[in-house]
Amino acid sequence: MKVFTSILFTSLIMGCMYVDPDIPEDPNIYVNLPDGFSIELYAGHIENPRGMALSPNGILYVGSRSAGNVYALVDIDGNFEVDRKMKIASGLNMPVGVAWKDGDLYVSAVDKILRYSQIDYRLDNPPAPEIVTDQFPSDQSHGWKYIAFGPDDKLYIPVGAPCNICDPEDEIYSTITRINSDGSDREIIAHGVRNTVGFDWHPETGELWFTDNGRDRMGDDIPPCELNRLVHEGAHFGFPWLHGNDVLDPEFGEEGLNSNLEMTPPVRELDPHVAPLGMLFYTGKMFPEEYKNQVFIAEHGSWNRSEKIGYRITLVTLDDEYNATSYQPFAEGWLRDDENVYGRPVDLIQYFDGSLLLSDDYQNKIYRISYSDK
């Protein structure tokens, strides 16, 4: 790991944030993990942290939704605890997604993708952003965007449905798109995706996998949320007609049946209303071998279910044919007594040493999950 020390940083003085005094300071007290795993605070007082991106220089960039800010976090001494917090952008429109490439930071801002050039070396005086593209819809509903660069060096950008359930005329909605790093050649690579806020590429096949949030107001127990795999570009994943494997939408299901459109089922149905956000394939060497190339999912948690569900990290295990063989909790305890909330997991990113960083927009913190067999 390279620790960025070539310039002096000025600390960001963060505004006071409410901290629930009933939540223990040490997350190991209430977060349950498999034997050998532990969770520690990596950074605190980060207002509404959402998507994350890590530069080769060891700088962690963090987007936000309600705060409208983008942060740079620096662990100067390499002790896995952030020493400097800097606000490099503010006043943006839900800049949830951040992605780093060739020295530049790309930020999603609903209808725009912005670029901050050579940002690692300009943290004390951030540049004005360049507009990569401003050709995305401006709808606020599901307008926030997780973004990431794929193995093809293109930037992948989802466009969520502008509603709970609808069938918009413009084909750009309910899709995953990709563009060149200069904003050119936008193309749609997946249809029928209600709202993905997390995706990754399989380390062996290079295929795109993504989470998808199911619709609301069909009851507590349907429809399921989804983990999906894009085998063929242009595939349709069912929205708004079909949810999960076989749940026809009460408003649009018949229309879907009459369309004779081939719809791709999920690799795994997830629990209903868990709001799966960030996901990744684990490729590090710190965790035991059984976790290699398996799927970790950050479940943000339900917002209107009569009994809360989610608020955890789950693990989907895959066999040699990439079929899901299990779906189970990996880290839980942010939901206490089925009612009290201690945290809401958002995004996951793999650190240089093979540990995982996790953003929590409820406690305004970034955690580090590590493993030791000693």
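The values are calculated or read from the model by the stated rules, or taken from the named source; none is laboratory data. Given the structure is predicted, the values throughout are model-derived calculations rather than measurements. Using ideal geometry, Cβ is built from the backbone for each residue, glycine included, and neighbour counts are taken over all protein chains shown. Note: accessible area is taken over every heavy atom of the protein model, side chains too, but ligands, DNA and RNA are not part of it. Shrake-Rupley method; radii C 1.70, N 1.55, O 1.52, S 1.80 Å.
Filter the GluC sites (Glu not before Pro) in the range 35-115 down to the DSSP loop ones having no more than 16 other Cβ atoms within 10 Å, then list what survives.
Hits after loop and neighbour filter: E81.
Considering only the other residues whose Cβ falls under 9 Å of the Cβ of E40, what net charge follows from Lys and Arg at +1 and Asp and Glu at -1?
The answer is -1.
Using a 1.4 Å probe, what is the accessible area per residue for the range 122-259, in Å²?
41
Using the Karplus curve 6.51 cos²θ - 1.76 cosθ + 1.60 with θ = phi - 60°, work out ³J(HN,Hα) for each residue of the range 241-251 in order, rounded to whole Hz, and write x for Gly and Pro.
Calculated HN-Hα couplings, in order: 8, 10, 10, x, 7, 8, 8, 6, 5, x, 9 Hz.
I'd like the carbon and sulfur percentage of the solvent accessible area for the range 37-93, probe radius 1.4 Å, heavy atoms only, ligands and nucleic acids excluded.
Accessible surface attributable to carbon and sulfur in the range 37-93 totals 40 percent.
Where the centroid of each part is defined by its Cα atoms, how far is the range 153-192 from the range 357-373 in Å?
30
Considering only protein heavy atoms, what per residue accessible area in square angstrom results for the range 262-327 with a 1.4 angstrom probe?
Per-residue accessible area for the range 262-327 comes out at 42 Å².
Among 147-159, 26-38, what's the highest-first ranking by average C-beta atoms within 10 angstrom per residue?
In decreasing order of mean packing, 147-159, 26-38 become 147-159, 26-38.
Please report, in debye to the nearest 20, how large the charge dipole of the range 287-374 is about its Cα centre when each Lys and Arg carries +1 at its beta carbon and each Asp and Glu carries -1 there.
380
For a 19 Å ceiling on Cα separation, which of these pairs sit above it: K101/K292; K87/K365; K85/K154; K145/K292; K112/K154; K145/K285?
Over 19 Å apart, Cα to Cα: K101/K292; K85/K154; K145/K292; K145/K285.
Just for the Cα atoms in the range 67-163, what are the lengths along the principal axes, largest first, rounded to whole Å?
On the principal axes, the range 67-163 reaches 45, 31, 26 Å in Cα extent.
Dipole of the chain (Lys/Arg Cβ +1, Asp/Glu Cβ -1, origin at the Cα centre): which of T177, T314, Y121 lies farthest to the positive side?
Y121
Counting only other residues whose beta carbon sits under 11 Å from that of Y173, what net charge do I get with K and R as +1, D and E as -1?
Value of the local net charge: -4.
Give me, ordered by chain and number, the residues 5 or more places off G198 or on other chains with an amide H under 5 Å from its own placed amide H.
Close amide H contacts, sequence-distant or interchain: T211.
Can you tell me the order of 216-228, 357-369 when each peptide is scored by its average per-residue count of other Cβ atoms within 10 angstrom, highest first?
By packing density, highest mean first, the sequence is 357-369, 216-228.
How compact and how long is the range 210-350, expressed as Rg and Dmax of its alpha-carbon atoms in Å?
Rg then Dmax for the range 210-350, in Å: 15.9, 50.
Over all distinct alpha-carbon pairs, what is the Kirkwood Rh of the range 200-240 in angstrom?
When all Cα pairs of the range 200-240 are included, the Kirkwood radius is 11.8 Å.
Filter the chymotrypsin sites (Phe, Trp or Tyr not before Pro) in the range 201-248 to those in DSSP coil with at most 10 other Cβ atoms within 10 Å of their Cβ, and list the result.
Sparse-neighbourhood loop chymotrypsin sites (Phe, Trp or Tyr not before Pro): none present.
What dipole magnitude, in Debye to the nearest 20, does the chain give about its Cα centre under +1 on Lys/Arg Cβ and -1 on Asp/Glu Cβ?
1220
Leaving ligands, DNA and RNA out of it, report the carbon-plus-sulfur percent of the accessible area of the range 312-369 at a 1.4 Å probe.
34
Less than 13 Å Cβ to Cβ from D347, Lys/Arg counted +1 and Asp/Glu -1: what total charge do the surrounding residues give?
+1
Taking all protein chains as present, what is the carbon and sulfur share of the accessible area of the range 174-306, in % to the nearest whole number, probe 1.4 Å?
That share works out to 44 percent.
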